[in-house]
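The structure appears below as structure tokens.
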Amino acid sequence: MLAARYYGIKDIRIEKLPKPTCNSKEVLIKVAYAGICGSDLHIYRKGMFVSSVPEIMGHEFSGVVEEVGAGVTGLQPGDHVVGDPRVSCGDCRWCRQEKVNLCPDLGFIGEVCPGCFAEYLVLNEERLLKVPPGVELFKAALVEPLAVALHAVGKANLSPLEALGIIGAGPVGLLTLLVARPFVKQILVIDRVPARFELARRLGADRVIQMLPKNPSEQVDVVVEAAGTGATLRGALKWLKPGGRLVMAGLYEGSVPVEPNDILEKELKIDGTNAYERLDLEKAISLIASGQVDVRPLISHILTLESAAEGFLMLTSPDIDVVKILLAPAPAVD
Ligand SMILES: [Zn+2]
Ligand SMILES: [Zn+2]
């Protein structure tokens, strides 16, 4: 089968590898669509998260069950599935309480074991969720990032008269906008790329701006920071009203300076978010299946698996208008 493997910073190679086989509790999945995530860009640019190289990248996917192990009871060939790509120790206090996202050893497929930028992938049955028939698989590939947004919005604890600020109009920021829209009075989005303004407006933003507002009258009750830079984190602390809440949903590439007195003087409340819980994934499937959340406008490109490296180049070039790239593995060649 073909797979896109990470060899080191900015080094992704398309290779032919043996098709994986499944053990008793495992399932062989033919990948339909696989999304390139912001965390994949951190791997690409900085070599973060990956425990050994070379490794097949990717943790966001939809696919079709091709084979099941003898001990698999809940899935059969032909079922449509998405993954719960979290890999945890299974034994700590948080894993035992089903708070897997808090496991100190949390990793993801595509980082600590083979991922989904391949024609096939094998996962334990427990790490798969069924997608109802009729849901288009390209939409189902966005279940995982939608779960990230659901987890962030859950932490934000929004109320109807509030104003929400979203920093970053990438996939997580825009999915946060879609999920939060029914629950708040006003949503403002900040992004430095004007090409994304129209999309953010179309998805329900009341205002889209390029720079952080300086006027205190434009401060907001809640900020979801989905860009993950020092400047945007500092900006989020300035943008919040006294007593405001910050939800951190962007990943940082190292330590960044902040002005802590902004937190003290305004008595801000800060929530970290790490991925999602199983319930967020289940909710994401039902929101996409019911049509309550339409993820289609976020999918800016569908590329072949062979073009994976080109997809990473596009996502790391500041001038290219791109939101979510899906890779569609070509038909099996073996
Ligand atoms: Zn992701
Ligand atoms: Zn654990």
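The values are calculated or read from the model by the stated rules, or taken from the named source; none is laboratory data. Note that the coordinates shown come from a computational prediction; the quantities given were computed from them, not determined experimentally. Note: ideal-geometry Cβ built from the backbone for every residue, glycine included; neighbour counts use all protein chains shown. Each accessible area value is taken on the protein alone, full model and side chains, heavy atoms only, with ligands, DNA and RNA left out. Shrake-Rupley method; radii C 1.70, N 1.55, O 1.52, S 1.80 Å.
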Item to check | Alpha carbon centroid spacing (whole Å) that separates the range 19-89 from the range 96-158 | outcome: 9
Checklist entry - Between the helical axis of 143-156 and the dominant principal axis of the chain, each derived from Cα atoms, what acute angle in degrees is found, rounded to the nearest 10? => result 30
Next on the checklist: Below 8 Å between Cα atoms, with a sequence gap of 6+, how large is the relative contact order for the range 141-216 in percent?
Outcome noted: 28
Item to check | Translational diffusion coefficient (Stokes-Einstein; Kirkwood radius from C-alpha pairs) of the range 146-272 at 10 °C, 1.306 mPa s, in µm²/s | outcome: 112
Checklist entry - When the scattering of the range 64-124 is computed by the Debye formula from its Cα atoms alone, each counted once and equally, what is log10 I(q)/I(0) at q = 0.29 Å⁻¹? => result -1.13
Checklist entry - If you line up the long axis of helix 230-239 against the longest principal axis of the chain, both from Cα atoms, how many degrees apart are they, to the nearest 10? => result 40
Checklist entry - Roughly how many nanometres apart are two label points built 7 Å out from the Cα toward the Cβ at K214 and L303? => result 3.9
Checklist entry - Which of V256, V68, V81 moves most in a GNM of the chain, Cα contacts under 10 Å? => result V256
Item to check | 5 angstrom amide H check on I270, placed H, neighbours 5+ away | outcome: L246
Checklist entry - Given H placed on each backbone N at 1.01 Å, which residues far from A32 in sequence or on other chains put an amide H within less than 5 Å of it? => result S62, G63, V64
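Mind checking the alpha-carbon convex hull of the chain and giving the volume per residue in Å³?
For the chain, the hull spanned by Cα atoms encloses 132 Å³ per residue.
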Next on the checklist: Explain nothing, just compute: Karplus ³J(HN,Hα) = 6.51 cos²θ - 1.76 cosθ + 1.60, θ = phi - 60°, for every residue of the range 177-186 in order, whole Hz, x for Gly and Pro.
Outcome noted: 4, 4, 6, 7, 3, x, 9, 9, 6, 9
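Using helices alone, I'd like the mean residue ellipticity at 222 nm for the chain: each DSSP H run of four-plus residues gives -39500 (n - 2.57), total over residue count, nearest 500.
Taken over the chain, the calculation gives -7000 deg cm²/dmol.
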Next on the checklist: Residue by residue through the range 128-136, what is 3J(HN,Hα) from phi via Karplus (6.51 cos²θ - 1.76 cosθ + 1.60, θ = phi - 60°)? Round to whole Hz and write x for glycine and proline.
Outcome noted: 10, 10, 6, 10, x, x, x, 7, 5
Next on the checklist: Can you return the lysines within cross-link range of K214? Criterion is Cα-Cα under 29 Å, with same-chain partners fewer than 8 residues away left out.
Outcome noted: K155, K185, K238, K241, K266, K269
Item to check | Under 5 Å, built H, 5+ apart or other chain: amide partners of V193 | outcome: none
Checklist entry - Hey, could you pull the Cα Rg and Dmax for the range 192-334, both in Å? => result 18.4, 63
Next on the checklist: Could you derive backbone 3J(HN,Hα) for the range 69-86 from the dihedral phi with the Karplus parameters 6.51, -1.76 and 1.60 (θ = phi - 60°), listing whole Hz in sequence and x where the residue is Gly or Pro?
Outcome noted: x, 4, x, 7, 10, x, 9, 9, x, x, 5, 8, 9, 10, x, 9, x, 6
Checklist entry - Say we join alpha carbon atoms closer than 10 Å with springs in a Gaussian network model of the chain; which of A34, A70, A200 then has the biggest fluctuation? => result A70
Checklist entry - In percent, what relative contact order does the chain have, based on Cα pairs under 8 Å that are 6 or more apart in sequence? => result 19
Next on the checklist: Per q in 0.15, 0.17, 0.19 Å⁻¹, report the Debye log10 I(q)/I(0) for the range 62-209, using one uniform scatterer on each alpha carbon and no solvent.
Outcome noted: -0.94, -1.07, -1.16
Next on the checklist: Using only the heavy atoms of the protein chains and a 1.4 Å probe, how would W239, W94 rank by accessible area, largest first?
Outcome noted: W94, W239
Checklist entry - If each of E259 and L17 carries a label point 7 Å out from its Cα toward its Cβ, how far apart are those two points in nm? => result 4.7
Checklist entry - What angle, in degrees between 0 and 90 and rounded to the nearest 10, separates the Cα long axis of helix 278-290 from the longest principal axis of the Cα atoms of the chain? => result 90
